[in-house]
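**Student:** Quick one: the structure is below, and I'll ask about it shortly.
The values are calculated or read from the model by the stated rules, or taken from the named source; none is laboratory data. Nothing here was measured: the structure is a model prediction, and the numbers come from that model. All Cβ positions, glycine included, derive from the backbone under ideal geometry; neighbour counts span all protein chains shown. The accessibility values were calculated without ligands, DNA or RNA, using every heavy atom of the protein model including side chains. Shrake-Rupley method; radii C 1.70, N 1.55, O 1.52, S 1.80 Å.
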Amino acid sequence: QVQLVESGGGLVQPGGSLRLSCAASGFTFSRYAMKWYRQAPGLERDLVAHIRSDGGSTNYADSVKGRFTISRDNDKSLVYLQMNSLKPEDTAVYYCNAERVGRDATRYTYWGQGTQVTVSS
């Protein structure tokens with residue numbers, strides 16, 4: 001069955017770094033764009049970063065540009081989010097998402113269970 005399993009979250013001080021990982025299984029990873037979302041308490045789930053299926057293009061939310069880097073390893077079915085210069089406002093549950101649109105416009109999307117990131121002194 002399809003699984004997306006995030007890891008790497010935790011408690012970090014402001015200015016610190018974390019690297020999140022998402023291990024995918026049960027689908028053809030290299031055919032899917034991968035995204036990281038985050039959701040803080042009481043707020044909507046927001047897109048943080050996106051990487052194309054072949055890794056050739058990335059996009060970031062303005063709030064994380066220059067601090068976060070998304071990458072992927074299609075051989076290992078892994079996607080990463082390197083987070084540097086973390087701020088308290090980065091505190092949220094971070095979710096891994098896989099998505100592709102089929103030739104018939106059917107959208108296939110899968111979600112992980114999330115990993116908590118807390119930035120606090």
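Conditions (1) open to solvent by less than 60 Å² (accessible area, probe 1.4 Å); (2) within 16 Å of Thr115 (Cβ to Cβ); (3) in contact with a helix residue (DSSP H, G or I) (Cβ under 7 Å, 6 or more places away or on another chain), marked per residue:
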{"residue": "Gln3", "(1), (2), (3)": "no, yes, no"}
{"residue": "Ser21", "(1), (2), (3)": "yes, yes, no"}
{"residue": "Trp36", "(1), (2), (3)": "yes, yes, no"}
{"residue": "Ile51", "(1), (2), (3)": "yes, no, no"}
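**Student:** Let me ask something additional. State all residues of region 5-19 that are among the small types (Gly, Ala, Ser), assigned to a loop (DSSP other than H, G, I, E, B) and open to solvent by 30 Å² or more (accessible area, probe 1.4 Å); if no residue qualifies, say none.
**Tutor:** Within region 5-19, Gly8, Gly9, Gly15, Ser17 meet the criteria.
**Student:** May I pose another question? What pairs come out if I take residues in region 37-50 that are farther than 8 Å from Ala92 by Cβ and pair them with residues that are of a type in the set (Asp, Glu) and at pLDDT 95 or above whose C-beta lies under 7 Å away, six or more apart or interchain?
**Tutor:** Cβ pairs passing all conditions: Tyr37/Asp46.
**Student:** Please find, among Lys76, Lys35, Lys87, Lys65, the residue that is in contact with a Pro (Cβ under 8 Å, 6 or more places away or on another chain) and at pLDDT 95 or above.
**Tutor:** Sole residue among the options that is in contact with a Pro (Cβ under 8 Å, 6 or more places away or on another chain) and at pLDDT 95 or above: Lys87.
**Student:** Sticking with this one: Out of region 76-92, which residues are open to solvent by 10 Å² or more (accessible area, probe 1.4 Å) and without any contact (Cβ under 8 Å) to a residue 60 or more places away in the chain?
**Tutor:** Lys76, Ser77, Leu78, Glu89, Thr91
**Student:** Among the residues in region 97-114, are any at positive phi and in contact (Cβ under 8 Å) with a residue 40 or more places away in the chain?
**Tutor:** yes
**Student:** Also, quick follow-up: Going through region 94-121 one residue at a time, which ones are out of contact with any helix residue (DSSP H, G or I) (no Cβ under 7 Å at 6 or more places or on another chain), surrounded by 13 or more Cβ atoms within 10 Å (Cβ to Cβ) and not aliphatic (A, V, I, L, M)?
**Tutor:** Correct list: Tyr94, Tyr95, Cys96, Asn97, Glu99, Tyr108, Tyr110, Trp111, Gly112, Gly114, Thr115, Thr118.
**Student:** Does at least one position in region 62-75 carry a residue that is in contact (Cβ under 8 Å) with a residue 24 or more places away in the chain, open to solvent by less than 60 Å² (accessible area, probe 1.4 Å) and farther than 20 Å from Gln116 by Cα?
**Tutor:** Yes: one or more hits.
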